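This report concerns only the one structure given below.
Only the coordinates and a few stated rules stand behind these numbers; no lab work does. What you see is a predicted model, and the numbers here were worked out from it, not measured in a lab. Cβ coordinates were reconstructed from backbone atoms using ideal geometry, including for glycine residues, and neighbour counts include every protein chain displayed.
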Amino acid sequence: MRKIAVNVCRLVLAVAFILSGFVKAVDPLGTQYKIHDYLTAWGLASVVPDFVTLAVSVVQSSAEFFLGICLLFAIRRRLVSLIVLILMVVMTLLTLWLAIANPISDCGCFGDALVLTNWQTFWKNVVLLAAAIVVRRYPLDMGRIISRSNQWIVMNYSAFFILVIIAGRSLYTLPQFDFRPYHIGTNLREGWQRMIDGEDSPYAEFFIESMDEGEDITEQVLQDKGYTFLLVSPHLEQADDSQLDELNRLYEYSQEHGYKFYCLTASGQRGISRWQDITGAEYPFCLTDETTLKTVIRSNPGLLLLKDGVIIQKWSHNTLPTAEETSGPLEASEIGDLPSDNVASKILWILTWFVLPLVLLTVADRLWAWSRWIKKSDNNPLNNEQKIMRKKIVAGNWKMNMNLQDGIALAKELNETLKADKPNCGVVICTPFIHLASIAQFLDQDIIGLGAENCADKEKGAFTGEVSAEMVKSTGAQYVILGHSERREYYKETPEILKEKVLLAQKNDLKVIFCIGESLEEREAGKQNEVVKAELEGSVFNLSEADFRKIVIAYEPIWAIGTGKTATAEQAEEIHAYIRSIIAEKYGQAVADDTTILYGGSCKASNAPELFAKPDIDGGLIGGASLKAADFKGIIDAWKK
Ligand code: PEP
C-alpha cells in the first residue's frame, strides 16, 4: 500500500516536472521574459544582465525536465527526491507570495501552454509538495525501471535532448511548439476584428502605427489580400544585426514583387535612426506595443509573413528565407503557402526520437536483467538435478571492524572487483551502522547488497544509542543480520526480542539474515537440532508464509565462529537438511525448497567449495574472511567451481 502511494506520488511529480520543464525549454525567450517580470517585481531588472536571465531560463527549464525524467525512471532516488523536495518548498512559498501580493498575473510555471491563476498555481504546488514529501520520506520505494548500470544512458540522452534539441534549437530557430495567439495559421484579421467588436480577444494590445504618418494602419495591414512581410523587433537597440544584408535583400525582393514590408518595433526615433545607420534599412518603420512584439515572435529581429490577414510563415533572424526560396514570386514558392508541418508531426518526431529510444532501451534493459537472472539460476549447481529457485548468497559480516575510511576503501575495492568479474551468486556485505550511508552512495547494489549487523527492537523514541530498522533502511541498506550468536550472548538478545526485531525489519522492507546455531556444550550433548528448532520457533516461525519466504537463515555453530574450527561439510549438510525439514513441516516443502540456508563459521576460500557443494548449503555468512577483498572474493568464486 505504501509503495503504491509512493509510486503514485512519484508519477504525479514526474509528469508535472517533465511537462513544465518541456514547455519552458521549448520557449527559452518566453521563460526569460517571465524571469525578467519577477526581477522587475523585486526591483532587480536593471542589475541582472540579459545573458544571465537567458542562461537561468535554459538551465532551470532543462533541470526541471531532467528531474522529471529521473523521477520517472527512479534514478538516484535519494538525491533526486531531496532536490525535488527543496524545489517544491521554495516554489510553494514563492507562489504563496505571488497569490497574496499579486505582482505578476501568471507565474509562468507551464509557460504559455497552460495559464493558471496565482491561487490555482499555489494549490497545485501544495499538492506537488505533499507528493514530494511522501517521495522523500520513502525514496527507495520508487520502483526502478532501468538498472543502475544503464541509467547513465537515460540521463545523458535526456540532458542532450532537452538542452540541445529542444532549448538550443528553439533559441536558434523559433519555439518548436508555439502556444501563443500568433502561431502559424492564426487568422489575425478575424481575431483583431472580434476585439474591435468588443469580444474577449488576446489581440487587445495589437496595433500598427506608421512612424511616418503617425496613423494607425492595423486595419489596412490586416485587410490586405496580398503578402505582407513584418520584420518584428521589440527593441532595435538589442536586435541582432548579423543578417542585415539578408534583410535588405528581402526588402528589395518584396519591392520587386509588390509585397508590403514593414518593420514593427517599440523603439523610438533614436533607435530607428541608429538601426538605419548600421544596416542601411530603407523599409518603413511602425510602432507596436513591446510586449505584443515579444509575444508575436521569439526572435529579435524575426520575420513574419502575412497573407490575407493570416500568419503563414515565421522565421528567426538565423533562418531567414534564402535567395533560392525567394527567386520567384511567393505565389509560386513553397514559402508562400501555409506549411503542412503541423503539431501532430512534431509530436510524432518527439515520440520517434526521444520517447521510442528510451522505451526500447528500457525494454532491452529489462530483458537483459531478466536473462541475467535466468542465467544465475542456471549456474546453480543444484539446478541440474532439481529446479530449485532458492538464491545462492555469500554475505560478509564485518562485525566491529574497520573505521569509516578503511570500510569505504574495502567496499570500493570489492565493488570494482565484482563489477569486473561478475559473481555467480548474490553477494551482501553487512557493515557497522556508520558505514552504511556512505557505502550505499557508490555500491552497485545490483551486484552487492548492503546490510546492517543489527537493528533495534523498538520502532523509535527515547532509546539512546539504538538504531531502528527504519533508519537502517533509510541509509540505502537492504539487509540486516539478526540473532547473531555474539548478540545473543553478549547483549542478551532473547527469542522474544529477536521476534520484535524481525517484525520491525520486515515492516521496513529489510531482508533478514537470521542466525541460529548451537554452542559447543550443546553440540557435545547432541542437542544441536533441538537448539536450532527452538531458535526458529522462538523468533521466525510466527511469520506468515509470505513473510517467512523473505528470510535467509544462517546456521552458525557457535564453536566454529572465529575459532578456525569449521564444521565438516558433512556435519554442516546434516544440520542444514534438518533445518530444511523443520521448515517443510511448518510451511510445506515448496517453502523449504526455496529457503536460502547459509553456513557460517570459519568459512574460507579453501573450504568453501566443499561446503557449497552440499545440496542444502546455499552459501555462507563470512566473518573474518570478509575483511579482505581477495579473501572474500575467493569464497564468492567457490560458486564458479
Ligand atoms: C560470523 O561471525 O558470522 C562468522 C561466520 O565469523 P567467522 O567467519 O570469522 O567465523
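Think of the chain as having a plus end and a minus end, set by charges on the Cβ of Lys, Arg, Asp and Glu; of LEU231, TYR253, ALA452, ALA452 sits farthest toward the positive end of this dipole.
Put a plus charge on the Cβ of each Lys and Arg, a minus charge on the Cβ of each Asp and Glu, and nothing anywhere else: the dipole of the range 54-200 about its Cα centre is then about 940 debye.
Taken along the Cα-to-beta-carbon direction at a fixed 7 Å, the label points for ALA41 and ILE133 span 2.4 nm. Report the FRET efficiency, 1/(1 + (r/R0)^6), for ASN318 and ARG372, where r is their Cβ-Cβ distance and R0 is 41 Å, rounded to 0.05. About 0.30, to the nearest 0.05.
Taking the inverse of the mean reciprocal distance over all distinct Cα pairs, the Kirkwood hydrodynamic radius of the chain comes to 29.6 Å.
Between the amide H of PHE177 and any residue lying 5 or more places away or on another chain, no distance stays under 5 Å, with hydrogens modeled in the peptide plane.
Relative to the longest principal axis of the Cα atoms of the chain, the long axis of helix 404-420 makes an angle of roughly 80 degrees.
Ordering VAL480, LEU414, GLN313 by Cα displacement along the dipole of the chain toward the positive end leaves VAL480 in first place; charges were set at the Cβ atoms of Lys, Arg (+1) and Asp, Glu (-1).
Computed over the range 499-596, relative contact order equals 30 percent, with contacts defined as Cα pairs under 8 Å that lie 6+ residues apart. Available extension along the chain between VAL52 and ASN150 is 31.9 nm, counting 0.36 nm per residue and deducting the alpha carbon span. The GluC sites (Glu not before Pro) found in the range 241-327 that occupy coil by DSSP, while having at most 12 further C-beta atoms within 10 Å, are GLU282, GLU324.
When both the range 454-530 and the range 234-288 are represented by their alpha-carbon centers, they are found 80 Å apart. Here SER147, SER242, SER81 are placed in order of increasing Cβ neighbour count within 10 Å, fewest first, which gives SER242, SER147, SER81. Against the longest principal axis of the chain, how steep is helix 2-25, in degrees 0 to 90 to the nearest 10, with axes from Cα atoms? Helix 2-25 sits at roughly 30 degrees to that axis. The charge dipole of the chain, taken about the Cα centre with unit charges on the Cβ atoms of Lys, Arg (+1) and Asp, Glu (-1), comes to about 3180 debye, rounded to the nearest 20. A Cβ-based charge dipole, computed about the Cα centre of the range 1-118 with Lys and Arg at +1 and Asp and Glu at -1, lands at about 820 debye.
Each residue in MET142, MET1, MET211 was given a count of other beta-carbon atoms within 10 angstrom of its own, and listing them fewest first yields MET1, MET211, MET142. Checking the cross-link filter: which aspartates and glutamates have an alpha carbon closer than 13 Å to that of LYS507, excluding same-chain neighbours under 8 positions apart? Those aspartates and glutamates meeting the cut-off are ASP141, ASP457, GLU459, GLU470, ASP547. Projecting the Cα atoms of GLY620, ILE196, ILE162 onto the dipole axis of the chain, where Lys and Arg carry +1 and Asp and Glu carry -1 at the beta carbon, places GLY620 farthest toward the positive end. Given C-alpha coordinates of the range 512-589, what is the ratio Rg to Rh with the Kirkwood estimate of Rh? Rg/Rh: 0.97. Computed 3J(HN,Hα) for the range 163-175, one whole-Hz value per residue from the Karplus formula 6.51 cos²θ - 1.76 cosθ + 1.60 where θ = phi - 60°, is 6, 8, 6, 8, 5, x, 5, 5, 5, 6, 9, 9, x, glycine and proline marked x.
With θ taken as phi - 60° and the Karplus curve 6.51 cos²θ - 1.76 cosθ + 1.60 applied, the whole-hertz 3J(HN,Hα) list for the range 505-517 is 4, 5, 4, 9, 6, 8, 8, 9, 9, 9, 8, 9, x Hz, x standing for glycine and proline. In the range 103-233, Cα pairs under 8 Å separated by at least six residues give a relative contact order of 12 percent. The convex hull built on the alpha-carbon positions of the range 67-118 has an orientation-averaged projected area of 4.0 nm². The modelled label-to-label distance between ALA101 and GLU459, using points 7 Å beyond Cα along the C-beta direction, is 4.2 nm. Hey, which of these cross-link pairs are over 29 Å Cα-Cα: LYS391/LYS501; LYS527/LYS641; LYS422/LYS628; LYS533/LYS614; LYS492/LYS614; LYS24/LYS260? From the list (LYS391/LYS501; LYS527/LYS641; LYS422/LYS628; LYS533/LYS614; LYS492/LYS614; LYS24/LYS260), the Cα-Cα distance tops 29 Å for LYS527/LYS641; LYS492/LYS614; LYS24/LYS260. Three principal axis extents describe the C-alpha atoms of the range 61-193; from largest down they are 57, 37, 19 Å. With a cut-off of 19 Å on the backbone N, the residues of the range 564-587 near the modelled label site 7 Å out from SER606 along Cα-Cβ are 564-572. Placing pseudo-labels 7 Å out from each Cα toward the beta carbon at ALA344 and SER201 gives an inter-label distance of 3.0 nm. For the pair LYS391 and GLU570 in one chain, pulling the backbone fully straight at 0.36 nm per residue adds 62.3 nm over the alpha carbon distance.
Between the amide H of GLN313 and those of LEU305, distances stay under 5 Å, these residues lying 5 or more places away or on another chain, with hydrogens modeled in the peptide plane. Relative to the current alpha-carbon distance between PHE541 and LEU520, full extension at 0.36 nm per residue lengthens the span by 5.1 nm. Less than 5 angstrom separates the built amide H of ALA554 from those of PHE514, CYS515, ILE516, LEU598, all sequence-distant by 5 or more or on a different chain.
Take every DSSP beta bridge whose two residues both sit in the chain; close to 30 percent of them are antiparallel.
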